[in-house]
Amino acid sequence: MHFRFAMAVFLLLAVAASCPSRAAHAAGLETAVGPEALVRLELQGKVTVRALGAWGKMPERFVRLGQTLRTEAGLNLLDAGTAQVADWLALARGGDARLAPSAEGLADLHGYLERGDFLEWVAVADEDAAAPGALLRRDGRRWVRGPDGQGPASASGSSAPAAQVAQAAEPLFAGDMSAMWAPYQADGGKFKNFAKIENGMFIVDVPEGNSWGRTGMYTNATVVEHPRGTQHGVRLTALLDPGASTDLVLSLVPAEARTDEEWRFHDVRVGMHLETVDGPRTLTLWIEQQVVMTREIAEVPERIDLVLRPDDAVVVTDAGGKVLLQGIMPGDVPKDGYRLYALAGATASRRGKPVRLALKRIERSREPFAVQAAHDAPLDGARRTILFEDGVLGRWLTPLAGQGGDFRKHASLEDGEVAVDVPANSSWGKVGVYTPGPVLWLDGFGPGSEAGVTFEFDPDRTTGFVVALSPRYNLKNNDPSTPYVWAQWNRKEDGSGGRGMLLIDPDSREGVWRVETGAQAPGRVTLRISPEGVMAQGLGGPEERFPWKWAVPNLGFRVYAFSQAEKSGAPVRMALKRIVMDRVTGVPLPPEEPAPGVEPLEVETLFDGRDGEAWEGYGIRGAEFAKHGRFEGGALVAEVPADTFSWPKVGVVSSKPVLSFNERILRTPYAVRIACDRTRTSGVEAVFRSAKTPEMDKGTEVQASFVRHDTGPDAGKYVLSLSGENAIYLNWSRRLDARWVDANWDGVLEVRFGDGWVEAGLPGGPRIRGVGLRSGKGWEYHVALTTCPAIKSGASSLALKGVVGGWVTPSGMTADERWTLVDDEDFQAEAFIDHVAESLPEEN
């Protein structure tokens, strides 16, 4: 017995000794002390597996995991950080065939990174003993001690860097009119007569007969900076005395604006108002003087929160965090931040009536926000992107309602979902959400690649829905444009069961399959696209892939989810909780190189950067080539100043058609490579048109551009765009981070023309493909190459060094194939005869 007890103790001690970091962090509070540079990287959220290897902090089991991921899934673990590992782990647990075998190893690695086990930790007596900015840990939870020592722990388990922590609320108004605040009055308001500090509250009492009666206070200086581009949100909390308040306005006004006209200059404004003497009461969100959303509320709340998120969402919540209103910040945010206004004021329905406000407190806090990789960022390996959750639509989703549906009447975004309840006699009752722009990109679309969108529903509150993907734009409230993948489920009217079906247009207008199901709606439906075709999972039908013409590389898809009744006039309900996109790159496509011993296809110089007869100087919309363009140093140089013209463009246009497509376009695309001096180019636009006109971009067949944005919601991004025929249905665009472009772009924009499709992009980088465009046998084009301003009256510059064009060499092209693809003028009859003769069998 003593021997067994001793052995048990020995084994326990051995286990404890083998796991020093876990044993230590379970014991109490710790702080990270080294390696110093690695701690610094962790605080910045920049730790990667490669960095851990450099510090000797990469256990052998993770080295083996990296080798497995490289050989079996084509993924580069070395450059992955915690967020990327979390995405791969979610894919593995979600059933991804290539990652599922590594799920256990990914979970182990994710825990290792999340706990910070690669750092050196020492015990501290309490948080006060740690310096501000120190990285702390207790029971696996990590946080950074704030500058005032008050930063509480952030929950571990997110993929956000440890530096992102919720900070304690900071009072901006705490019951006294401090020097931070100044009186405000407008439109009948009178601060001296109507406002006072009493019982630790800011009291406003506007009597009858004072127009709008806007009376309140504003901050003397900036108190809020918009968090766009950061990894935290800003929350403003107003605490009221409900019994003594009828109206409240919280407003954010740019610091550089005039202070005496809050309504005119606000960017964001939330108002709680009594509409009539006996109600109703409303809560309204305005952005730049436009009502974004309004709703009735039962009573004056004790608390109203206004949240600005780094993804440009503006959210109004109640005390429990429930989303009440939401909108999106448009355009620029002020570089000097916002003043905050707090006031009382009547609505149009009660103009001239009494209004009252009893404001107890205003607080400001910063809270963590898990910033995920952009859906249109370059893809390397695998990525998982949450498109919708927690009831916030964000920048990319927008409401959809058609054929009897009304989003304002039939839908709500409360409780973290899109809840739809369409009554009978509402036609097809289509209500939901969609992305006006493409969000799912088929990057790296070689063998083994896959892109999917998963829609999660509440089965008990769903009777009918459609989920769909389409590459083309559709007018708001219309059905998805063709071509599309359309999956639908409906509960039968008598409740005895359900029906599911999959449509793939134009390949199967009558449906790929239709099945009978149980009466309960599916909780999870996934649409997947791979080079082999399209598959719908979760509807009860066959989970097999069906070929589709539009399952092609570099195409971008809009995403749809909306209710649809079983038959016209029937009621329908839908509760959509979440939309998640996942993408995995496959084996790289074969290089565009000929077979050994075969010369690639010729490339022709279309423009050499110098003045000549084939190209003319060109300027439109106020810009003139004589003033804003010149030929210099072997390049076309164009520079247009800001605030001078409206959408001006300067460059060159071909005197005659320079592109002519024959039957060869049926076998291989034609590529135009536009070379710019990237250091002197803010953007370039290429217009391809069958006729030469004074304004080439009006009525153009094909238009492509690549433009840097320094202002607006895309500030710090390049936007790659492609469109056709100036048609709203034929447009695609995606954003690339300027830092990625600066590190990877060689200044070339490539435009490829295929049979009915066109592709624009960066050689070796992201591309976008457009379908249904005027490209194919028989088409010929003039070309205009110009500057392209990012905004209406913005500055633009272009240094165009040259343009070349040629048929793309098919991968593995043989000598026989080459003879069918050369230009007529390059066809050498004698050489061809010699080639044929050499190919003939010798006589015995």
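Place the peptides 97-108, 49-60, 214-225 in order of packing, highest mean first, counting for every residue the other Cβ atoms within 10 Å and averaging per peptide. Mind dumping the intermediate values first?
Values: 97-108: 17.6, 49-60: 15.7, 214-225: 20.0.
Packing order, densest peptide first, comes out as 214-225, 97-108, 49-60.
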Quiz item: Given a Förster distance of 56 angstrom, what is the FRET efficiency for LYS656 paired with LYS322, based on the Cβ-Cβ distance and rounded to 0.05?
Solution: 0.30
Exercise. For LYS190, tell me the accessible area in Å² from a 1.4 Å probe, rounded to the nearest 10.
Key: 90
Quiz item: Relative to the longest principal axis of the chain, what angle (0 to 90°, nearest 10) does the C-alpha long axis of helix 82-93 take?
Solution: 80
Quiz item: What angle, in degrees between 0 and 90 and rounded to the nearest 10, separates the Cα long axis of helix 103-115 from the longest principal axis of the Cα atoms of the chain?
Solution: 50
Quiz item: Using the alpha-carbon centroid of each, what span in Å lies between the stretch 55-127 and the stretch 524-576?
Solution: 32
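Compute the accessible area per residue over the stretch 203-259, keeping the other protein chains in place, probe 1.4 Å, unit Å². Write down the numbers at each step before the final one.
Working: 1870 Å² over 57 residues.
Per residue, the stretch 203-259 has an accessible area of 33 Å².
Distance cut-off 21 Å, Cα to Cα: go down the list LYS322/LYS577; LYS46/LYS322; LYS322/LYS717; LYS46/LYS577 and report the pairs above it.
Numbers: LYS322/LYS577 14 Å; LYS46/LYS322 33 Å; LYS322/LYS717 33 Å; LYS46/LYS577 32 Å.
Beyond 21 Å between Cα atoms: LYS46/LYS322; LYS322/LYS717; LYS46/LYS577.
If you roll a 1.4 Å probe over the heavy atoms of the protein chains, what accessible area per residue do you get for the stretch 260-398, in Å²?
On the way: 5630 Å² over 139 residues.
Heavy-atom accessible area per residue stands at 41 Å².
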Self-check item: For ILE728, solvent-accessible area (1.4 Å; no DNA, RNA or ligand), Å²
Solution: 80
Exercise. Within the stretch 541-573, list the GluC sites (Glu not before Pro) lying in a DSSP loop whose Cβ has at most 15 other Cβ atoms in a 10 Å radius.
Key: GLU543, GLU544
Exercise. Post the alpha-carbon centroid distance, the stretch 609-650 to the stretch 425-454, in whole angstrom.
Key: 41
Practice problem: In whole Hz, with x marking every Gly and Pro, tabulate ³J(HN,Hα) for the stretch 495-505 from phi via Karplus 6.51 cos²θ - 1.76 cosθ + 1.60, θ = phi - 60°. | Solution: x, 7, x, x, 9, x, 8, 10, 10, 10, 9
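Going through the stretch 726-825, which trypsin sites (Lys or Arg not before Pro) have at most 14 other Cβ atoms within 10 Å and a DSSP loop state?
Within the stretch 726-825, the qualifying trypsin sites (Lys or Arg not before Pro) (loop, at most 14 other Cβ atoms within 10 Å) are LYS777, LYS792.
Tally Lys/Arg at +1 and Asp/Glu at -1 over every other residue whose Cβ is under 14 Å from the Cβ of LEU43; what's the total? Intermediate values should be presented prior to the final figure.
Numbers: positive: ARG40, LYS46, ARG137, ARG142, ARG145; negative: GLU36, GLU42.
My count for the surroundings of LEU43 gives +3.
Report, to the nearest whole %, how much of the accessible area of the chain belongs to carbon and sulfur atoms, 1.4 Å probe, protein only.
Numbers: 18350 of 36750 Å².
Whole-percent figure for carbon plus sulfur exposure: 50.
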Quiz item: What is the helix-to-structure angle for 829-839, meaning the angle in degrees between its Cα long axis and the longest Cα principal axis of the chain, kept from 0 to 90 and rounded to the nearest 10?
Solution: 90
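Could you state the accessible area per residue of the stretch 665-708 in Å², with a 1.4 Å probe and every protein chain left in place?
Working: 1560 Å² over 44 residues.
Each residue of the stretch 665-708 exposes 35 Å² on average to a 1.4 Å probe.
Largest first, how would PHE265, PHE562 line up by accessible area (1.4 Å probe)? All intermediate terms of the calculation are to be shown ahead of the outcome.
Values: PHE265 55, PHE562 0 Å².
Result of the area sort, largest leading: PHE265, PHE562.
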Quiz item: Which of the trypsin sites (Lys or Arg not before Pro) across the stretch 577-620 are loop residues per DSSP, with 15 or fewer other Cβ within 10 Å?
Solution: ARG610
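Can you compute the FRET efficiency between ARG50 and THR294 using 1/(1 + (r/R0)^6), with r the Cβ-Cβ distance and R0 = 51 Å? Round to the nearest 0.05.
0.50
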Practice problem: Answer with a single label: of (i) 50, 38, 31; (ii) 88, 34, 21; (iii) 49, 35, 25, which was calculated as semi-axes √(5λ) of the Cα gyration tensor in Å from the structure in view? | Solution: (i)
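The values are calculated or read from the model by the stated rules, or taken from the named source; none is laboratory data. Bear in mind that the values here come from a model prediction, so they are computed numbers and not experimental data. We place every Cβ from the backbone using ideal geometry, glycine too, and count neighbours over all the protein chains shown. The protein model used for the area step is the full one, side chains on, heavy atoms only, and it has no ligands, DNA or RNA in it. Shrake-Rupley method; radii C 1.70, N 1.55, O 1.52, S 1.80 Å.
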